[in-house]
1. Convert each backbone phi in segment 97-106 into a coupling constant with the Karplus relation 6.51 cos²θ - 1.76 cosθ + 1.60 (shift: θ = phi - 60°), then list the ³J(HN,Hα) values in order as whole Hz, x for Gly and Pro.
2. Taking θ as phi - 60°, what are the ³J(HN,Hα) couplings along segment 76-88 by the Karplus curve (6.51, -1.76, 1.60), each to the nearest whole Hz, with x for Gly and Pro?
3. Multiply the residue separation of GLN95 and VAL61 by 0.36 nm, subtract the distance between their alpha-carbon atoms, and state the gained length in nm to one decimal.
Amino acid sequence: MPGKSASKSSLVSAAIIRPYMPEMESLRGIACLAVLLLHSFAWQYSGLLKFSKIPQLILKVTQPGNFGVNLFFVLSGFLITGILLDSKNNEKYFQPFYIRRALRILPACYTLLPVLWLLGQTPLSFVLVDFCTWQT
């Protein structure tokens, strides 16, 4: 019964990959929380300070937070691949995808660079070169 197994596998894949997956949001939240906790306690990893048992436990629990970055990238890759596969039959395959990406990422970049310059964290020449590079 090859037809029966094919329909069963399509039902399984349809049930796993859905337009909205709340469990993905949960995993992304866990990944972000792991990274935030890692960065919150990173200054204490120098070993110069002595801690009692509970703070030592907190430090040990937050140390693997760098795996949150990897998890976040894997989830983002999965979601982006799903978007691209959904739009592969469109005439203009990549154009809407890249326009959405640019509208999400570039405003943050164009905002961050002047802020970094105003705070004295980067030279004006770096900001101007980046603005000119993005324009081309």
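Only the coordinates and a few stated rules stand behind these numbers; no lab work does. It should be emphasised that the depicted structure is a prediction, and the values quoted were computed from it without experimental measurement.
1. So the Karplus estimates, Gly and Pro as x, are 4, 5, 5, 4, 4, 5, 5, 8, 8, 5 Hz.
2. 4, x, 4, 5, 5, 4, x, 4, 5, 5, 5, 9, 5
3. This chain segment gains 8.0 nm when fully extended.
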